[in-house]
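*Asks:* My structure is below; once you've seen it, I'll send some questions.
None of the figures in this text is laboratory data; all of them are computed from the coordinates on show. Source: prediction; values computed, not measured. Every residue, glycine as well, gets a Cβ built from its backbone with ideal geometry; the counts of neighbours run over all protein chains shown.
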Amino acid sequence: MLISDPKTIGKAAEVLNNAGIVVFPTETVYGVGALFSKEKAIEKIYLAKGRPHSKPLLIHISSLKHLDLAKDVPQVAFDLIEHFWPGPLSIILKASDFLPKALMTEDGTIGFRMPSNDFFKNLADMVGPIAATSANKSNCSNPKNVKEAKSQLGNFVDLYVDGGKTKEGVPSTILDLTKSPPIILRVGAVKISELERVIGKVMRS
């Protein structure tokens, strides 16, 4: 469905609430997501991507109130949030005890991101946090438009939302804040130098 169709956001919310999975645009690349509370839908994403469970999905949020899904959030997280959210930075935090195990790493951490894409924000405002990752097969190219996503994930996905070409075309930068100093797990749209201007030295993984 086209992002310009006023019925699209309602349909996407319906699919997610019924434990389906949706491909949607963000400012970086297209994502594929499910409600964080729908474990069967999350499993469907792993199957669609051929993704190992050792690589948990990120929690995509539209409001800071959903950081209650983490615990012991350090001040450095809020410093980064002030500068880079909404935007293409993902941060790894300690997971709350009530999160589904499928979303946590073995050492009890979880990643968070707040995309700046308006469609995503409006959708997440309606349904709550969305567990998501890039809408591609594991280790394949990141999709910059819905056609590229559909060519990789096909009929595994319940709804494709077409928002045209993404702005950045590269995935988010991932920074692990459970370590001191923080560790870069993936360099993406936010440069290391930009992070270090805000929080000082970061380590490379």
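*Asks:* Are there any pairs, at least 6 apart or on different chains, whose C-beta atoms fall under 9 Å, with the first in segment 83-108 and over 24 Å from residue 28 (Cα atoms) and the second part of a loop (DSSP other than H, G, I, E, B) and among the hydroxyl-bearing types (Ser, Thr, Tyr), and if so, which?
*Replies:* 94/178; 95/105; 100/37; 106/54; 107/178; 108/178
*Asks:* What is the residue count in segment 132-160 for residues that are closer than 19 Å to residue 42 by Cβ and either touching a Lys or Arg at 6+ places or on another chain (Cβ under 8 Å) or surrounded by 19 or more Cβ atoms within 10 Å (Cβ to Cβ) (or both)?
*Replies:* Matching residues across segment 132-160 total 15.
*Asks:* Within segment 111-134, can you find the residues that are more than 11 Å from the chain's Cα centre (by Cα) and not basic (Lys, Arg)?
*Replies:* Passing the criteria: 116, 117, 118, 119, 122, 123, 124, 125, 126, 127, 128.
*Asks:* In addition: Being buried (at least 24 other Cβ atoms within 10 Å of the Cβ) and more than 14 Å from residue 1 (Cβ to Cβ) is the filter here, so list the residues in segment 13-26 that pass it.
*Replies:* Within segment 13-26, 21, 26 qualify.
*Asks:* So residue 138 passes all but one of these: (1) over 14 Å from the mean Cα position of the chain (by Cα); (2) under 18 Å from residue 172 (Cβ atoms); (3) without any contact (Cβ under 8 Å) to a residue 40 or more places away in the chain. Which condition number does it fail?
*Replies:* (3)
*Asks:* Could I ask something else about it? Just name the residue that is farthest from residue 14 (Cα to Cα) out of those in segment 141-153 that are in contact (Cβ under 8 Å) with a residue 40 or more places away in the chain and assigned to a helix (DSSP H, G or I).
*Replies:* Per the stated criteria, the residue is 148.
*Asks:* A follow-up question, please. Quick check on segment 104-131: of everything there that is over 16 Å from residue 15 (Cα atoms) and of a type in the set (A, V, I, L, M, F, W, C), which residue is surrounded by the fewest Cβ atoms within 10 Å (Cβ to Cβ)?
*Replies:* Within segment 104-131, the match that is surrounded by the fewest Cβ atoms within 10 Å (Cβ to Cβ) is 104.
*Asks:* Whether any residue in segment 27-48 is crowded, with 20+ Cβ neighbours inside 10 Å, out of contact with any Asp or Glu (no Cβ under 8 Å at 6 or more places or on another chain) and among the hydroxyl-bearing types (Ser, Thr, Tyr) is what I want to check.
*Replies:* No: segment 27-48 contains no residue that is crowded, with 20+ Cβ neighbours inside 10 Å, out of contact with any Asp or Glu (no Cβ under 8 Å at 6 or more places or on another chain) and among the hydroxyl-bearing types (Ser, Thr, Tyr).
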